[in-house]
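FYI, it's all coordinate maths here, none of it is from the lab. These numbers come from a predicted model, not from an experiment. Neighbour counts run over all protein chains shown; Cβ positions are idealised from the backbone, glycine included.
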Amino acid sequence: PETITVGELANRMAERSADVVKTLMKMGMMVTANQTIDADTAELVIEEFGHRTVRVSDADVEQVIDSVEDREEDLRSRPPIITIMGHVDHGKTSLLDRIRQANVVSGEAGGITQHIGAYQVRAESGALLSFLDTPGHAAFTSMRARGANVTDIVVLVVAADDAVMPQTVEAISHAKAAGVPMIVAINKIDKPTANPQKVRTDLLQHEVVVEAMSGDVQDVEVSAHTGQGIDQLLEAIALQAEILELRANPQRSALGAVIEAKLDVGRGPVATVLVQNGTLKQGDIFVVGEQWGKVRALINDKGDRVTEAGPSTPVEVLGLNGTPEAGDVLNVVETEAQAREIADYRVQAAKDKRAAAGAATTLQELMAKA
Ligand code: GDP
Ligand code: MG
């Protein structure tokens, strides 16, 4: 006769085995998760659960996810993660392109770098730096709103021929609100009309006191066009990172944030994940927002397949069951059952939240009509 273990039955129903055991107990059968039951009994159990979903609680999800605590001796220094912000047309994209280029080893096949939403470069001193490839404030704030604080350092780009503008001020307040240190890149220094001193004095009015004005915010004159000052900027970032003493535990299971995700025709759902702690490995089972999966392949910012990605490394992840959203947090878990359980729970929780919001509106509408 056909049999199934209680655990597997729970798995297939996306229920907790403890709940299945409890149900069997109510039916008069004393079994554990590892024991088998026959198909008829299984059918009764399935009926018993019906279409009703037994919900795991937030606490259960947290317990599965936050079970690893880093020990002091396991912590290692990790590269900083940098976001470039500043007023429109002050040169954010040009600067990101220049930094990426500056680092392409000469002779490398055309220097083609994959655009996966983030990239890593090495400063002359040898320090690795991870740049988020989406400049601008919307990305920064929406990631933060979703609980992903992925930025360690903000590079504030200010064009030397334009000085401080409204979005410069906005960027300053975002960085301050997030408690993220800033480095000022005074860009377009190649222009005849460049007035870097005006940038420095303008910044004073917004309580950003650069080193040249005896403050403690590093400022570097750069040109995204000529490449002037780019090396100094990278060293300034490396220095700031050293001061921050950024550390992570490469030994633990990975925790990361989605910075980009898409449904790729050939490859299925693909997400670029910035590993924040631990090491993400091929074969790892994970839950990410309302999705889950098993790492089928990892591809780095150079387009190469890698078997693992450590702290502060951006990597494309293949093997997702669905497409997550930017800002979703990725956690590696022990088993597929856990991953599925947490993802299901989150889907249901999101549904409930929407239903509650919908009901509230309807109620409001009713009240308004009355
Ligand atoms: P973003 O809107 O901040 O991303 O700015 P972009 O990178 O798109 O640059 C806006 C304009 O400024 C473009 O026409 C760039 O070519 C120009 N630009 C950017 N950096 C420099 C620079 O260092 N020197 C000069 N002369 N022009 C620059
Ligand atoms: Mg741009």
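Assorted remarks:
- Kirkwood Rh (inverse of mean 1/r, distinct Cα pairs), the range 213-366, angstrom: 18.1 Å
- Ellipticity estimate at 222 nm from DSSP helix runs (n ≥ 4, -39,500 (n - 2.57)) divided over the chain, nearest 500: -11000 deg cm²/dmol
- Of the residues 313, 168, 83, the one that moves most in a GNM of the chain with alpha-carbon contacts below 10 Å is 168.
- Residue with peak Gaussian network fluctuation, the chain [Cα springs, cutoff 10 Å], from 38, 202, 231: 38
- Crossing angle, helix 336-369 versus the chain [Cα axis fit, 0-90 degrees, rounded to tens]: 80 degrees
- Percentage of interatomic Cα-Cα distances in the range 289-356 larger than 16 Å: 54 percent
- Across the chain, Cα-Cα pairs more than 38 Å apart make up 33 percent of the total.
- 5 Å-binned pair-distance histogram of the range 131-263 (Cα, whole percent): 2, 9, 18, 21, 20, 14, 8, 5, 2, 1, 0
- Cα long-axis angle, helix 39-49 against the chain (0 to 90 degrees, to the nearest 10): 60 degrees
- Assuming charge only on the beta carbon of Lys and Arg (+1) and of Asp and Glu (-1), the dipole of the range 110-197 about its Cα centre is about 220 debye to the nearest 20.
- Computed about the Cα centre, the dipole magnitude for the chain is approximately 620 debye when only Lys and Arg (+1) and Asp and Glu (-1) carry charge, each at its Cβ.
- Result for the chain in a Gaussian network model with C-alpha springs under 10 Å: among 31, 288, 332, the largest mean-square fluctuation is at 31.
- Cut-off 15 Å between beta-carbons: net charge of the residues surrounding residue 197, Lys and Arg +1, Asp and Glu -1: -2
- Taking the Cα centre of the range 211-370 as reference, the dipole from Cβ charges on Lys and Arg (+1) and Asp and Glu (-1) amounts to some 980 debye.
- Derived from the Cα gyration tensor, the three semi-axes of the equivalent ellipsoid of the range 155-204 are 21, 10, 8 Å, largest first.
- Summarising the overall dimensions of the range 5-49 from its C-alpha atoms, the Rg and Dmax are 8.7, 22 angstrom.
- Selection among 183, 9, 127 by position relative to the dipole of the chain gives 183 as farthest towards the positive end (Cβ unit charges, Cα centre).
- Estimated vicinal HN-Hα couplings, Hz - the range 152-163 in sequence order (Karplus 6.51, -1.76, 1.60; Gly, Pro = x): 9, 9, 9, 9, 8, 8, 10, 6, 5, 9, 9, 6
- Count Lys and Arg as plus one, Asp and Glu as minus one, and take only other residues whose Cβ is under 12 Å from that of residue 158; the net charge is then -2.
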